[in-house]
1. Output the residue which, of all residues in region 417-435 that are free of Cβ contacts under 8 Å to residues at least 12 places away in the same chain and of a type in the set (S, T, N, Q), is farthest from L552 (Cα to Cα).
2. Is there a residue in region 95-118 that is among the small types (G, A, S), surrounded by fewer than 14 Cβ atoms within 10 Å (Cβ to Cβ) and not in a strand (DSSP E or B)?
3. Check every one of the strands (runs of 3 or more DSSP E) wholly within region 342-458 and list those with 2 or more residues that are closer than 30 Å to P602 by Cα.
4. Just a yes or no: is a residue in region 254-274 assigned to a loop (DSSP other than H, G, I, E, B) and over 25 Å from the mean Cα position of the chain (by Cα)?
5. Could you grab me the full set of residues in region 147-168 that are out of contact with any strand residue (DSSP E or B) (no Cβ under 8 Å at 6 or more places or on another chain), farther than 22 Å from K347 by Cβ and not acidic (D, E)?
6. Which condition number in (1) crowded, with 19+ Cβ neighbours inside 10 Å; (2) farther than 26 Å from V282 by Cβ; (3) out of contact with any helix residue (DSSP H, G or I) (no Cβ under 6 Å at 6 or more places or on another chain) is the one that L373 fails?
7. Does region 306-328 contain any residue that is of a type in the set (A, V, I, L, M), in a helix (DSSP H, G or I) and crowded, with 20+ Cβ neighbours inside 10 Å?
8. Give all pairs with beta carbons closer than 8 Å in which a residue from region 1-14 that is modelled with pLDDT of 90 or more meets a residue that is basic (K, R); count only pairs at least 6 apart in sequence or on separate chains.
Amino acid sequence: MKPKIIICPNETKNYKLKHTTDYTQNIKYLTLSEVYKSIYFTYDQKAVYHIMNKYHIKCEVAQIYLKNLHYIEDKDYQNNKLNKLVAIKKTLEAEKLLIYDKYFPKLLQGKEIIIEGYPYLTEEDHKLINNLQKYTTVKVNDPQSPKYTPTTLYTFNTPEDELAFVATNICKLIKEGTPLQNIIITNLPDNYKIRMQRIMNFFNIKTSITSEVTLYDIPEVKKYLQTFNLSDIKDTLVKSKVVNILNNYTWSSPKEVQELLINDFKTTSYTPQKYKNTIQVVNLNTYVPQDEDHVFLLSFNTDNIPTIHKDEEYITDNIASKVGKSTTTKLNKLEKEATINKIKSIKNLIITNKKKDGTTESYPSVLTSILSLETKYPNEDYTYSNTYNNLKLASKLDTYIKYSEKTIGLIPLLSHYKNINYLTYNNTFTKVPYHQDNLTLSYTTVDTYNKCAFRYYINNVLKLSIYEDTFMTYIGSLYHYVLSQAFTENFAFDKEYEDYIHTHPRTLTAKELHFINKLKDELKYIIKIINKQYTYTTFNKALYEEEITIPLAENVTFKGIIDKLLYKEEENETLVAIIDYKTGNLKLNLNNIIYGLSLQLPVYLYLTKHGTKLKNPLIVGFYLQKILHNEISRSDKKTYQELKEESLKLGGYSLNKENILEKFDTSYNNSKVVASLKTTNKGFYHYSKVLSEEQINKIIDITEQKILEVKDNIQAGHFQINPKKIGKNNLGCEYCQYKDICFMRPEDIINLEEHTNLDFLDQN
C-alpha cells in the first residue's frame, strides 16, 4: 500500500481508527491546523511576548496579529493593516521566533495526501493545497452525500420544554434497546449546557456534557497568580495542567509573563469529572453520521444555525482578496450549503427549537424554509420522570392560581400527583452544623454577617460568590497602591504607576484607556495636596498598608489592613491618626456601630489599639479621605484648586483635647486638613466632629463586642435569613447577589431603630 497522509478532523480520525480495518503504519493522520503550521510556520509564547513588548499591546491583540501572518508575503500590499503584518513577520523572522519545519516537505514526498471530513474548504485552504501539490498529489474527498430529507421541526415555548422533549425521546430509545453510543445530541448552544445537565438529571440520563470551567476560574490558580507558589495548588490534575502551561515559559519568570499566563489559564478548560458510556454531545460540522445513530439537533434558531461569520476580523472583507482569504459572504454561503448537506446526511434525525429564551424572542433558522420543514407543537409526555412531572405540575398550578388559566396537562397531572404539597415550603434557615479549622474575620465578613447572616453563609461558607474585577475596583487598587508608595524615599510617580499597570494587566476599552490617562494627572495632583497637608502636622512617622492581626480565640483571628497611620512617639504614649482612602461613596456613620454595622473605621481603631506595632496608642483622630470624586460643585467664590483642596480634607472625628490635636493639625483652629473642624474662644464649633477619649474607647469596646458576637454566632452555625433595615435602607438585601435563592419574606426583615446623635456612647 502506498503511504498515505490523511488530513481530517480528530473526530474523523477517531472514527476511522475505530471502524476501519485498513489501518496500517503506512497511514499518518494530521489536522488542517497541524498542516498549516508545518507547511508555513508556527510560533511559541516567546513570539507573543515579543510582539506585546515591541508594540506595547495586550496579549489578545498580539495573538490576532500572529494568527493572520500565514497569509502574508514579503511585499508592499498598499494597505497599512497588511503592511503592518509584513513588518511584524519580518521582525519575528529576524529574531528567529517563527518556527519552520524544514523536514515536513521531505515527509510529503512519495505519499498520497487525502483531505476529508471537513464540511467545506476556504480560499486559504485551497491555497494551502496548492502548496502541498508542489511536493505530492492531493485528493479531496467530497463530504458525505445527502441521502435523506428531514420533514419536521418540533417547536417549543422554552428551551426547558425543548430539552424535556429530547430527554423523553431518549428514554423511549433506551427502552427500545438503542445503545447509548448511538444516541447523539448536536448543535447545543453554550447557554443550554447547564439547563441540559439539570433536565437530563431529572430523567436519570448521563451525557458527555460535564461541568467545564477554565483554569482561571479555579481559586487555587488565582492564588498562584498572586504568589507564584505551586504548592498553593493542591489538586494534582489542576497542577499538572498549570505545569504544562508553565513549561512554555522556561525562558522567563512567571511574574514577568503574568498577562500571558492569565490568558492561557482563561483559555484552558478543566473538567473535574467525566462519565463513560454516555449520550454523546457532538459538533455538527465534524460529526461523522452513521445510519444506526439517532440524532437530536437542538436550537434550530436564527441565532444558532447556520453559523454566521461577521466582517469583524483584522483582515476585513475589503482586503481579504489581497492575501487569498475568503470573505465573510463566501464563508456564510459555504456554511449554509455545508449545514444543509450535513443535515441531509443523517438518517434518524429529530430537529427542535424554541420560541422564547427568557424574555427574548427566538425565530426559526433560515434553513427551515430551505428544507421545507413543517412546524409541529408536540404534546408533553409525562411517562418517564416523576421529578420533572412534579415540577411541571407546580408550574401549571402557579399559572392557574395567578391567572385562573388551566393549561394543557394540569388536570391529568393533578389527578396523578395528589400529594405534591404545593406552597408548603418553609424558608427558615437557622442553624447548620459548621466547623472551620482556621477562621479569619475581617471588617468585610463582620459587616456581611451583621447585614444578613444567611448572606454570610452563602458568601463565606459555601463560597458561591464570584469576585468581579470591575474597572472601578481596578482604579481603586491602582490608587491605593500608588498612594502607599507616594510618601516613601525615592518615590518616582511615573515608574510606580506604570509598574502597577504592567504587573496587573487588564484589557481596557478605548473609553477606559482615556479615563485612566486622565486619572493619572488627577492622582499626581492628589499627592501634591496631601504633601501640602503634611506641612500642618508634627506627626513625623507613618505606616502605609499596615496589616494587623488580632487573635480572638484558638484558631480564630481578626485581620485588617489600614491604608495609613500617621503617628508621633512621645515619652509614655504614641499619638496616632488613622486615615482610610476612599474611591467609592462610603460615608462614615457611627450611629450604626451599635448594630455591628458601618464598622470600617471603628475596626481600624480596634486594630490600632490592640495591635503590637505602636506602643500605648492614643487616637487623635480617625478619618476617611475621598481621593476620587465623581464631581465637585462649582462656586463663584472659590477657584477649582480651592474646591479640590477642600474636597480632599479628611472627613471623620478628632480628639476633643486641643493641646493634643494641635500636634496632629497645627491649623485645627480653622483646619486646612480636617473638614468642618474649627474653634472659637469658647471651644469647638457645634458642627465640629470631636469625641472625648472615653467616647473613642467606648467605640473600640463596642466594636470588639460586635466582632466577638459574630465569631460566636458563626462558630455556633447561626445563619438565619435576617436582613437588617434602618429607616428606608434595606442594608441586608441591597446589592445582594443571592436574592433568588434565599426566599426572604417581609417578616424576615429586622427593622432597627435609627440613631442620629451618638447618645449611646455616653450610656453605661
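1. By that ranking, first place goes to N419.
2. Scanning region 95-118 turns up at least one residue that is among the small types (G, A, S), surrounded by fewer than 14 Cβ atoms within 10 Å (Cβ to Cβ) and not in a strand (DSSP E or B).
3. The qualifying strands (runs of 3 or more DSSP E) are 439-441.
4. Checked against the condition, which is being assigned to a loop (DSSP other than H, G, I, E, B) and over 25 Å from the mean Cα position of the chain (by Cα), region 254-274 yields no hits at all.
5. Residues satisfying the conditions are L163, A164.
6. With respect to (1) crowded, with 19+ Cβ neighbours inside 10 Å; (2) farther than 26 Å from V282 by Cβ; (3) out of contact with any helix residue (DSSP H, G or I) (no Cβ under 6 Å at 6 or more places or on another chain), L373 is out only on (2).
7. Checked against the condition, which is being of a type in the set (A, V, I, L, M), in a helix (DSSP H, G or I) and crowded, with 20+ Cβ neighbours inside 10 Å, region 306-328 yields at least one hit.
8. K4/K28; K4/K111; I5/K28; I5/K111; I6/K13; I6/K16; I6/K28; C8/K16
The values are calculated or read from the model by the stated rules, or taken from the named source; none is laboratory data. Keep in mind that this is a model prediction, so the values were computed, not measured. When we count neighbours, we look across all protein chains shown, and the Cβ atoms used for this are built from the backbone with ideal geometry, even at glycine.
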